[in-house]
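Worksheet: the structure to be examined is printed underneath.
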Amino acid sequence: MDDTRHPVSRRGLLVGTTVVSALTLSVPAGGPARANPSTGPSGELVTRDRIAAARTRRPGGGPAPLRYTPDFHERLTEWLRFWWANTPRRWVTPLEVVAETTADGRALLLTGISHLHRGRAEDGFDARRPDPAYWATLSSLHHHFPVVRPEPAAGRVRVEDGVSGFTNSAEQVDFAVHACRAVWGYSATTTDNWPEYGDRALRRAAQQVEVRTRAGWAAFTRATVRLGLGTESY
């Protein structure tokens, strides 16, 4: 099944190759709302009340701006556009990102993402519920960031700024094991044999690359997003 994304006329999206997608998502006129319109000198934090077109809200509170390094906010915008471009057609529009940022503006503590469906807000991601959509969303984060660390006791996922790519870190291996089990259905996956099952997943997605490469990791994380969100069946 290819339930891919909304036509370009509906989203203003430019979908790239099957390995890495370059995407743009329509935002309100004038771009994301900015509480602080100036990025200032290098290293200064910026205040934003949106990531891409989605409002930010603190856990347990109402809509609120968050503070980021400029580069990190740009990366988060690219990530949310990518996540949204790979969600099912029936999801109408991203609504809110529930999160906080750390004091240095270099990490996002993500709790949830909601979207509109038939006029009602629904969860697209809930950090307290490790279902296929959870692992798909973590996959989208691994596609864009070097450190993605679930914090189940706090009901959130920590995302740190930096250049994406395969590093064989403990966080990446743990994610890959869970993704192979929960999303791809390979229940025998372990920390020792996960590359075998990761490569098997890539063959199913018609990708002739190895998961333990930069191109392979990008392809694996993208395919996992689509399978976990039900956009593709492979």
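Annotation: GLU78 fulfils all but one of (1) assigned to a strand (DSSP E or B); (2) under 18 Å from PRO146 (Cα atoms); the unmet one is (1).
For the stretch 155-177, a residue qualifies if it is assigned to a helix (DSSP H, G or I), open to solvent by 10 Å² or more (accessible area, probe 1.4 Å) and aromatic (Phe, Trp, Tyr), but none of them does.
Within the stretch 191-234, the residues that satisfy the criterion of being modelled with pLDDT of 95 or more, open to solvent by 50 Å² or more (accessible area, probe 1.4 Å) and not charged (D, E, K, R) are THR191, ALA206, GLN208, THR213.
Taking the stated definitions as given, is HIS144 open to solvent by 40 Å² or more (accessible area, probe 1.4 Å) and not charged (D, E, K, R)? Give the steps one after another, and end with the answer.
Values: open to solvent by 40 Å² or more (accessible area, probe 1.4 Å): no; not charged (D, E, K, R): yes.
Judged against the criteria, HIS144 is not a match.
Selection within the stretch 180-190: residues that are assigned to a helix (DSSP H, G or I) and either acidic (Asp, Glu) or under 15 Å from ARG226 (Cα atoms) (or both). The member of this set that is most open to solvent (accessible area, probe 1.4 Å) is ALA182.
Would you be able to say whether some residue in the stretch 105-113 is touching a strand residue (DSSP E or B) at 6+ places or on another chain (Cβ under 9 Å), open to solvent by less than 40 Å² (accessible area, probe 1.4 Å) and at pLDDT below 95? For the stretch 105-113, residues touching a strand residue (DSSP E or B) at 6+ places or on another chain (Cβ under 9 Å), open to solvent by less than 40 Å² (accessible area, probe 1.4 Å) and at pLDDT below 95: absent. Considering only residues that are outside any loop (DSSP other than H, G, I, E, B) and surrounded by fewer than 19 Cβ atoms within 10 Å (Cβ to Cβ), look in the stretch 30-66 and name the one that is modelled with the highest pLDDT. Ranking the qualifying residues of the stretch 30-66, first place goes to THR47. Only residues that are in contact (Cβ under 8 Å) with a residue 60 or more places away in the chain and either in a loop (DSSP other than H, G, I, E, B) or not polar (S, T, N, Q) (or both) were counted across the stretch 135-154, and they come to 7.
Return yes or no: is PRO150 open to solvent by 20 Å² or more (accessible area, probe 1.4 Å), under 15 Å from the mean Cα position of the chain (by Cα) and more than 21 Å from ALA85 (Cβ to Cβ)?
So PRO150 passes the test.
The values are calculated or read from the model by the stated rules, or taken from the named source; none is laboratory data. Predicted model, so just to flag it, every value in this text is computed and none were measured. Positions of Cβ are backbone-derived with ideal geometry, glycine not excepted, and every protein chain shown enters the neighbour counts. Protein only, heavy atoms only, side chains kept; ligands, DNA and RNA dropped before computing areas. Shrake-Rupley method; radii C 1.70, N 1.55, O 1.52, S 1.80 Å.
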